[in-house]
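Read through the structure below, which is laid out as structure tokens, and then see the notes.
The values are calculated or read from the model by the stated rules, or taken from the named source; none is laboratory data. If you're wondering where the values come from, they're calculated on a predicted model, not measured in any experiment. Glycine also receives a Cβ, built like all others from the backbone with ideal geometry; neighbour counts cover every protein chain displayed. These accessible areas exclude ligands, DNA and RNA; they are computed on the full protein's heavy atoms, side chains included. Shrake-Rupley method; radii C 1.70, N 1.55, O 1.52, S 1.80 Å.
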Amino acid sequence: MKKLLSVLLVTLLVAGLMTSALAGAADGKKIALVGKSAGNAFFEIAAASFKEAGEGEGATIDVVYPEAATADAQIKVLDNLISQQPDAICISANDFNALQAKLEEAMDAGIKVSSFDSAPNPASRQVFVNQAGTVAVGQALIDAVYDMAGGEGQWAILSATSQATNQNAWIDAMKKLAEDEKYAKLELVEVAYGDDEPQKSTDQTQALLDNYPDLKVICAPTTVGIMAAAKLVQDKPDCKVKITGLGLPSEMLEYTGADDAHSCPYFYLWDMQLLGKLSAYATIALINGDITGAEGETFSVEGLGEFSVTAADDGGTEIVQGLPLQFNADNIEEMAKLY
Ligand code: RAM
């Protein structure tokens, strides 16, 4: 029994029309999945469920990582992929604008381009699978900072690379939300970049601790950054700084708890297995022409529900997977078994 339901409703809301088409399976189709960088468990977990879902529909999935978390390294990967002419490329972009020429070349060559996790600009993609609404993530994170700082004091951000679309969108959302009167006593002292490299993230955390002795909270909206920061702080028994952000429960198990022995009271992410699956099904729907990535389209996946293509903040379209999930002392052990 195929998992991808043969259902598509192209809802032409303005015209009040509704049409439907059948989504076929992906027998014999070739899909390349491109992550931001190698050696990051986040992409390995997403890729495993993408692969399982795609192969379940008969597709061949090629998971490829660039040599570094840069646009240039992804362009090399894309050059190579375009020459192999897969049916689709699904990419987590290291840069918003820099991949445009290469991804347009791919689309001109008849390759469907979807994106997951971190979007290239609207002209570079047909659709983006966004793991959670950008503002919803920003709100969860700024509220965590507010809570852990006791409503006032210094906080810092430890991000991934300075060009990463997803981190930059979450940081912008946090900054905008922090303009509200409620957060007036919070002071963002620095945005540091650990480039999603464990050692650089550790060094950047140490620099934040050295430079801001009154720092209360570090928010790291990157799984690599939050783990490095949580470990460094937890290894310093006298350090009272709290860590939050976006992390993998399996990587944060040791550091998460409500007491002083743990550096991270709670943090957020989303259902990682769903991210991989939804990205695979959305890519297959593109290949089969069941969706084009236009606002208003919907598609259903058996067991997962119905998803809509909606307008994204960047002017393109996206499929929002759901809400950010909180991981804390009560659920971390259970969730760490999953991802
Ligand atoms: C890192 C990557 C990824 C991001 C997560 C939260 O693994 O930067 O793109 O979504 O953190």
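The table below lists the values:
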| quantity | calculated |
| --- | --- |
| LEU209, sole failed condition from (1) more than 15 Å from the ligand (Cβ to nearest atom); (2) open to solvent by 70 Å² or more (accessible area, probe 1.4 Å) | (2) |
| Check on ILE157, assigned to a helix (DSSP H, G or I) and under 23 Å from ASP210 (Cα atoms) | no |
| Strands (runs of 3 or more DSSP E) (entirely within region 205-305) containing at least 1 residues that are under 19 Å from GLY153 (Cβ atoms) | 215-220, 242-245, 266-269 |
| Residue within region 183-195 that is free of Cβ contacts under 8 Å to residues at least 60 places away in the same chain, part of a loop (DSSP other than H, G, I, E, B), within 16 Å of the ligand (Cβ to nearest atom) and not assigned by TED's automatic domain parsing to the domain that holds ALA119 present | yes |
| Residues being within 13 Å of the ligand (Cβ to nearest atom) and out of contact with any Asp or Glu (no Cβ under 6 Å at 6 or more places or on another chain) - total across region 223-264 | 14 |
| Criterion (polar (S, T, N, Q) and in contact (Cβ under 8 Å) with a residue 60 or more places away in the chain) met by exactly one of THR244, THR202 | THR244 |
| Any chance GLY316 is farther than 25 Å from ASP143 by Cβ, touching a helix residue (DSSP H, G or I) at 6+ places or on another chain (Cβ under 6 Å) and of a type outside the set (A, V, I, L, M) | yes |
| Subset of region 145-169 that is of a type in the set (A, V, I, L, M) and more than 14 Å from the ligand (Cβ to nearest atom) - its residue that is most open to solvent (accessible area, probe 1.4 Å) | MET148 |
| Leading residue by the ranking (farthest from the ligand (Cβ to nearest atom)) among those in region 114-139 that are in contact (Cβ under 8 Å) with a residue 40 or more places away in the chain and touching a Lys or Arg at 6+ places or on another chain (Cβ under 7 Å) | GLN126 |
| Failed criterion for GLY276 (all others in (1) away from the ligand (no atom under 16 Å from the Cβ); (2) in the same structural domain as ALA53 (by TED's automatic domain parsing); (3) open to solvent by less than 10 Å² (accessible area, probe 1.4 Å) hold) | (1) |
